Amino acid sequence: MKQLVTSFFMVICIIAGSVDTAYAGWDANAVHEARQSVLKFKRKDPKLKAFFERAYGYAVFPTVGKGGIGIGGAYGSGVVFLRGRAIGSTSLAQLTIGFQLGGQAYSEIIFFKDRRTLDNFKKGNFELGAQASAVAVTAGAAANADYSHGVAIFTMEKGGLMYEATVGGQKFSYDPY
């Protein structure tokens with residue numbers, strides 16, 4: 001069991017160390033995948049259209065993989081959009097500590113309400129702490145959602161099963177195209 005936990009932690013460290021270099025330069029496939037995720041989010045909850053229309057920008061993570069046994073982590077890469085136009089690549093890394101067991105994959109979109117919030121994200125000093133809450137996308141979920149500290153976060157499950165009561169946060173990187 002100790003070897004399993006140690007191995008898992010090492011993998012998370014390697015992933016986290018590669019966050020800054022994950023998508024340097026334009027990646028047409030990543031942009032296409034991000035746009036497909038946007039369509040899936042909109043199909044799941046048509047009320048999200050208002051967020052896409054009003055947001056200054058948004059980051060789309062088509063697939064975030066998450067797993068843990070006591071110590072856990074997550075990683076995903078995506079694309080940042082400004083008014084619907086791809087402007088750069090991004091990645092997220094997360095480390096969590098607490099009761100957790102399992103693995104899952106999900107998609108995530110972070111909407112930036114204004115230029116200041118997006119600029120802060122692009123500078124690399126943007127972090128979502130444990131107090132940040134995401135809205136799980138279901139039909140009509142966006143109707144009652146709002147921005148908190150300039151961001152609105154939506155997630156959509158892709159698969160897997162994860163039991164958790166953890167503390168952690170997400171750290172992001174950004175590379176302009």
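The values are calculated or read from the model by the stated rules, or taken from the named source; none is laboratory data. Here the structure is a predicted model, which means the values were calculated and not measured. A quick note on method: Cβ atoms are made from the backbone with ideal geometry, for glycine too, and the neighbour counts reach across all protein chains shown.
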Give all pairs with beta carbons closer than 9 Å in which a residue from the stretch 95-110 that is farther than 29 Å from L48 by Cβ and in contact (Cβ under 8 Å) with a residue 60 or more places away in the chain meets a residue that is of a type in the set (D, E, K, R) and assigned to a strand (DSSP E or B); count only pairs at least 6 apart in sequence or on separate chains.
G98/E164; F99/E164; L101/E164
Could you tell me whether E108 is charged (D, E, K, R) and at pLDDT below 90?
no
Log entry, pairs with first residue in the stretch 25-45 being on the phi > 0 side of the Ramachandran plot, second being surrounded by 13 or more Cβ atoms within 10 Å (Cβ to Cβ), beta carbons closer than 9 Å, six or more apart or on different chains, reads G25/S89; G25/D175; G25/Y177
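The rows are residues; the columns are (1) at pLDDT 75 or above; (2) in contact with a Pro (Cβ under 8 Å, 6 or more places away or on another chain).
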site: G76; (1), (2): yes, yes
site: I87; (1), (2): yes, yes
site: Q104; (1), (2): yes, no
site: N125; (1), (2): no, no
site: S133; (1), (2): no, no
site: G150; (1), (2): yes, no
site: K158; (1), (2): yes, no
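Okay, residues lined up against (1) closer than 17 Å to M162 by Cα; (2) touching a Ser or Thr at 6+ places or on another chain (Cβ under 9 Å):
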{"site": "E53", "(1), (2)": "no, no"}
{"site": "G65", "(1), (2)": "yes, no"}
{"site": "Y75", "(1), (2)": "yes, yes"}
{"site": "F81", "(1), (2)": "no, no"}
{"site": "A86", "(1), (2)": "no, no"}
{"site": "Q100", "(1), (2)": "yes, yes"}
{"site": "D119", "(1), (2)": "no, no"}
{"site": "N125", "(1), (2)": "no, no"}
Can you tell me which of (1) touching a residue at least 60 places away in the same chain (Cβ under 8 Å); (2) on the phi < 0 side of the Ramachandran plot is the one G70 doesn't meet?
(2)
Would you tally the residues in the stretch 1-59 being at pLDDT 95 or above, among the aliphatic types (A, V, I, L, M) and over 17 Å from L92 (Cα atoms)?
3
In the stretch 138-148, residues that are modelled with pLDDT of 70 or more, surrounded by 11 or more Cβ atoms within 10 Å (Cβ to Cβ) and assigned to a loop (DSSP other than H, G, I, E, B) total 2
